[in-house]
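This report concerns only the one structure given below.
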Amino acid sequence: MEKEDFADHSDSSASPRLGSNSDRSAPNLKPNSSEDRVGAATAKAGPMPRLSDVLLSQLQSQLGELKDQGVRVRMFQRDDGLAILLEGARLCPRHQIIHSGTACPICQ
Ligand SMILES: [Zn+2]
């Protein structure tokens with residue numbers, strides 16, 4: 001049996017067939033016209049943003065929501081990338097989940 005033990009069991013919405021849409025020249029990925037997102041991506045009408053940029057902007061908005069929840073988010077621009085420090089957040093080594101507080105919600 002070739003079942004992968006490292007499969008991510010936390011995403012219920014991910015499509016199992018990744019990469020099958022790379023052969024389309026005009027993907028139909030236009031985001032929903034919600035006007036409340038930060039308009040950095042819409043400032044210049046250039047080529048479509050890459051998926052990685054879309055995901056990064058989603059991460060940025062998630063970080064903003066974390067700030068609203070009291071998690072202090074600090075960012076450090078380095079030569080090799082952007083470091084994000086979430087004060088008070090921890091990664092459970094057993095469950096591989098990021099959580100706030102000292103104890104993992106599954107462990108406790
Ligand atoms: Zn845990």
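The values are calculated or read from the model by the stated rules, or taken from the named source; none is laboratory data. Because the structure is predicted, anything quoted here is derived from the model rather than measured. Neighbour counts are summed over all protein chains in view; Cβ atoms, including those assigned to glycine, are modelled from backbone coordinates with ideal geometry. Each accessible area value is taken on the protein alone, full model and side chains, heavy atoms only, with ligands, DNA and RNA left out. Shrake-Rupley method; radii C 1.70, N 1.55, O 1.52, S 1.80 Å.
Quick check: anything in segment 28-50 at pLDDT 85 or above and under 27 Å from residue 98 (Cβ atoms)?
The answer is yes; a qualifying residue exists.
For segment 62-90, how many residues meet the condition of being open to solvent by less than 100 Å² (accessible area, probe 1.4 Å) and in a strand (DSSP E or B)?
Looking only at that region, the number is 12.
Looking only at segment 77-94, how many residues end up being of a type in the set (Lys, Arg) and more than 16 Å from the ligand (Cβ to nearest atom)?
Counting residues in segment 77-94 that are of a type in the set (Lys, Arg) and more than 16 Å from the ligand (Cβ to nearest atom) gives 1.
Quick check on segment 57-76. Is at least one of its residues in contact with a Phe, Trp or Tyr (Cβ under 9 Å, 6 or more places away or on another chain) and more than 16 Å from the ligand (Cβ to nearest atom)?
no
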